[in-house]
1. Specify which of the listed residues (GLY25, GLY50) is under 22 Å from GLU128 (Cβ atoms) and assigned to a helix (DSSP H, G or I).
2. If you go through segment 53-73 one residue at a time, how many are open to solvent by 70 Å² or more (accessible area, probe 1.4 Å) and in a helix (DSSP H, G or I)?
3. Take the conditions within 14 Å of the chain's Cα centre (by Cα), part of a helix (DSSP H, G or I) and buried (at least 16 other Cβ atoms within 10 Å of the Cβ) and apply them to LEU33. Does it pass?
4. When you look at ALA76, is it small (Gly, Ala, Ser), open to solvent by 40 Å² or more (accessible area, probe 1.4 Å) and without any contact (Cβ under 8 Å) to a residue 24 or more places away in the chain, yes or no?
5. Let me spell it out: the conditions are (1) more than 17 Å from the chain's Cα centre (by Cα); (2) in contact (Cβ under 8 Å) with a residue 60 or more places away in the chain, and SER20 meets all of them except one. Which number is the exception?
6. Which of the residues spanning segment 36-45 are open to solvent by less than 70 Å² (accessible area, probe 1.4 Å) and at pLDDT 80 or above?
Amino acid sequence: VGSLATGHWVARLSSRTVHSLGLAGIVILMLALVLAPNVGWVLAVAPLTGLSMAYFWTGLQTYQIEMAPPARRGAAVGIIGFVVVLVPGLAGVGQGIVADAFGFRVFALVSGAALLLALLITMRILPEPSMPQAVREPPSIRFTELVRLQSLSAVFAIRTASSIGYAVVVLLAGPKMLSLIHISEPTRL
């Protein structure tokens, strides 16, 4: 629900700032995971995390479109999309080894440090988009009008189906991997 308003904030604050806010919210979640005495505290931060993810993604998507040369936007979006998929897959193996060897809190600290580094780089090194304010004004079109556009409604349907599929894979992959690891031998990786 919060993601429906992110376009408004991108237009008012800039895509880089909205992306930074998203990263900051995710860092707060990692701190909650490390410091929380029980899962109740983590659940209390969960709504902020959902909003943060919306800000993270909307800010990132808008930033890459604003900063890429118009003739190369497709390539830029493709490269960044590839990195967004590849890096978690590769880093996840290392993070899993850290979590297995040192425990969840150390894993969360390492992950939080990486997120904090990303936040600092975003705030200090990435240039501010230089789009004219007139271009960055929020459009007057409403969400309900967007849903009725045939091309966008098809994308919404595809994205919904792929997100559900992704969620199922993520939910099933963890227990399956653990069962495979612990069935063969009880030693640590």
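The values are calculated or read from the model by the stated rules, or taken from the named source; none is laboratory data. These figures come from a predicted structure and were not determined experimentally. Note that each Cβ is placed from the backbone with ideal geometry, even for glycine, and that neighbours are counted across all protein chains shown. Keep in mind that these areas ignore ligands, DNA and RNA; they rest on the heavy atoms of the full protein, side chains included. Shrake-Rupley method; radii C 1.70, N 1.55, O 1.52, S 1.80 Å.
1. Result: GLY25 is the single residue among GLY25, GLY50 that is under 22 Å from GLU128 (Cβ atoms) and assigned to a helix (DSSP H, G or I).
2. Residues that pass the stated criteria total 9.
3. The answer is no for LEU33.
4. Values: small (Gly, Ala, Ser): yes; open to solvent by 40 Å² or more (accessible area, probe 1.4 Å): no; without any contact (Cβ under 8 Å) to a residue 24 or more places away in the chain: yes.
The answer is no for ALA76.
5. Of the numbered conditions (1) more than 17 Å from the chain's Cα centre (by Cα); (2) in contact (Cβ under 8 Å) with a residue 60 or more places away in the chain, the odd one out for SER20 is (1).
6. Here is the first cut: in segment 36-45, the residues open to solvent by less than 70 Å² (accessible area, probe 1.4 Å) are 36, 40, 42, 45.
VAL45 - this is the single residue of segment 36-45 that is open to solvent by less than 70 Å² (accessible area, probe 1.4 Å) and at pLDDT 80 or above.
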